[in-house]
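Heads up, the thing below is written out as structure tokens.
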Amino acid sequence: MATLILRVTFQPTHPIICYRRVVCLVHQQNPFFLDLFGTCHSDTTKPAILRPRHLSWYRTNMARGLTFYPPDILSSMLREGKLQMDENRALKLPPQVPEDKPPEEYPYIDPMTEYFHDGITSDLTIFPPHVSVSVREFDFGCCVRLQEVEPLPLCLTNHTKGKITVTWICRPESPFRVTPETCDIPPLKSTAFRLIFRPSQLNTLYAAELEGFAFYKVSRNYQNPHQIWLYLNCILSYRTFSGLNEWPRGQMLPNQLRVPLLLLPSL
């Protein structure tokens, strides 16, 4: 039996809480998932630290449909008795008729189902999305001149009942970036962005996966660590690619398959 050690590096660019669920594929086994989360502080902004228990509470609240409401509304409903806490400190609606029906819990999800129904590579999702992206893949095509690439439109839709803030993670050395980098989207509204491509050299293929974080705007004012479970980040990701060629070379396209027939062995 051998052991392989993988190292995960956390390099945040904004003072926010960060969460992402990543998948690991193993031959002849079901995929397994890793929950990665961390908290970034700056000199002026210090959000409460995200803990594993907050993720458990958030998933239960999501199964009960409560994560579509901003934390200030949920806190008010909790104070007014319109919401209650269960024994695990997750939110639930007060008992109603029939009282014998237990509140919803986060269900067991088959790993293969979770892998294919991710809402990114497939249109199928297990839970409704809080924020949706109009297009998941962008192709700038073959560009023949530096600094003369037209931006492509990108639209985000906020499906929640609260105002959200979207922050795009753009590395300084990347030729792709989104503008505006940070933007507020009102509840149940859409906002337009622009995807900009600024290549630096000719005869080069470019590709990247860009991501952004969406969170409730009022969450910036929440310093109480017990209120983290009212919200978490939504991950927004899309792929973009392009080729930059010097005229008249044109774009290099494959035109021949050396092996016309491939036989894959059974597993």
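Where a number appears in this text, it was derived from the coordinates with a stated rule and is not lab data. Just so it is clear, the structure is predicted and the values come from calculations on it, not from any experiment. Neighbour counts run over all protein chains shown; Cβ positions are idealised from the backbone, glycine included.
A few points about this structure:
- A full extension of the chain between LYS161 and LEU261 corresponds to an added length of 30.7 nm, given 0.36 nm per residue minus the alpha carbon distance.
- In a DSSP loop and with at most 13 other Cβ atoms within 10 Å, the chymotrypsin sites (Phe, Trp or Tyr not before Pro) in segment 29-135 are TYR108.
- Ranked by how many other Cβ atoms sit within 10 Å of their own Cβ, fewest first, the residues HIS130, HIS159, HIS41 fall in the order HIS41, HIS159, HIS130.
- Annotation for segment 58-164: GluC sites (Glu not before Pro) lying in DSSP loop with at most 12 further Cβ atoms inside 10 Å of their Cβ are GLU80, GLU87, GLU99, GLU148.
- Electrostatic dipole magnitude of segment 133-193 [Cβ: Lys, Arg +1; Asp, Glu -1; Cα centre; debye, to 20]: 320 debye
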